[in-house]
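Remarks on the structure that follows.
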Amino acid sequence: MHVSKTIQNNMFPHFLSTLQWALLVISLAFNRNFSVAVTGAEANGGLKVIMFFHLWMLLFPSALCLMFFRIRKEGMAERFIIDLSIVTILFSTVNISLHFVNDFILLMKATEVIAWSLYNCMFSASLYKISKTFLSPMLRRFEKIERETLRNDKELRA
């Protein structure tokens, strides 16, 4: 019952986006980036290997795109994240495709960096939406308390 309410909440995709980003950064920090497949292509005398990171950059933006598509009418941040995830999927697909082509290592690394940068922008947009949703009411309450305090100070002086 509570799980279905959580998934139907419009903020769930934003929290999932930040959680996925945090898990990816932690896995990269602790060097948990393992190889998934070895392609037959070579670059500079070495084999090109598809790593866990490359598949993550393809699969998770796909899932996020579908989740944000459901709530696309909520605001500008959601539409921005959908656009970013589509472009991230495209660059990740090109990156994985270039793993099967001999040479082109510079182009492969460039597409990988672009996909990673777009994924970070998705995280930033989700974090902005979370901050806006939860911090704005708190700031309004603080502003209201400040106004009342100033008004009471003026009355005490008079």
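From the list LYS73, LYS109, which one is modelled with pLDDT under 90, among the charged types (D, E, K, R) and either under 30 Å from PHE134 (Cα atoms) or in a helix (DSSP H, G or I) (or both)?
That would be LYS73, the only listed residue that is modelled with pLDDT under 90, among the charged types (D, E, K, R) and either under 30 Å from PHE134 (Cα atoms) or in a helix (DSSP H, G or I) (or both).
In the set (1) modelled with pLDDT under 95; (2) buried (at least 16 other Cβ atoms within 10 Å of the Cβ), the condition left unmet by ILE114 is number (1).
Looking at the structure I just gave you, is ASN9 modelled with pLDDT of 80 or more, farther than 23 Å from MET108 by Cβ and of a type in the set (S, T, N, Q)? Taking the combined requirement at face value, the residue satisfies it.
Pairs linking a residue in region 7-22 that is touching a residue at least 40 places away in the same chain (Cβ under 8 Å) to a residue that is not in a helix (DSSP H, G or I), with Cβ atoms under 6 Å and 6 or more positions apart or on different chains, are ASN10/ILE71; ASN10/GLU74.
Could you check region 78-92 and list, in sequence order, the residues that are under 17 Å from TRP56 (Cα atoms) and among the charged types (D, E, K, R)? Answer for region 78-92, where residues must be under 17 Å from TRP56 (Cα atoms) and among the charged types (D, E, K, R): there is none. Here the condition is being at pLDDT 90 or above, out of contact with any Lys or Arg (no Cβ under 9 Å at 6 or more places or on another chain) and assigned to a helix (DSSP H, G or I); of THR149, THR93, THR133, it holds for THR93 alone.
Rundown of residues vs (1) modelled with pLDDT under 90; (2) within 19 Å of ALA125 (Cβ to Cβ); (3) assigned to a helix (DSSP H, G or I); (4) among the aliphatic types (A, V, I, L, M), yes/no style:
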site	(1), (2), (3), (4)
TRP21	no, yes, yes, no
LEU47	yes, no, no, yes
LEU55	no, no, yes, yes
LEU64	no, yes, yes, yes
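Of the listed requirements (1) more than 13 Å from PRO13 (Cβ to Cβ); (2) in a helix (DSSP H, G or I), PHE100 misses just one: (2).
The values are calculated or read from the model by the stated rules, or taken from the named source; none is laboratory data. Predicted model only: the values in this text are computed from it and were never measured. Note that we place each Cβ from the backbone using ideal geometry, even for glycine, and neighbour counts take in every protein chain shown.
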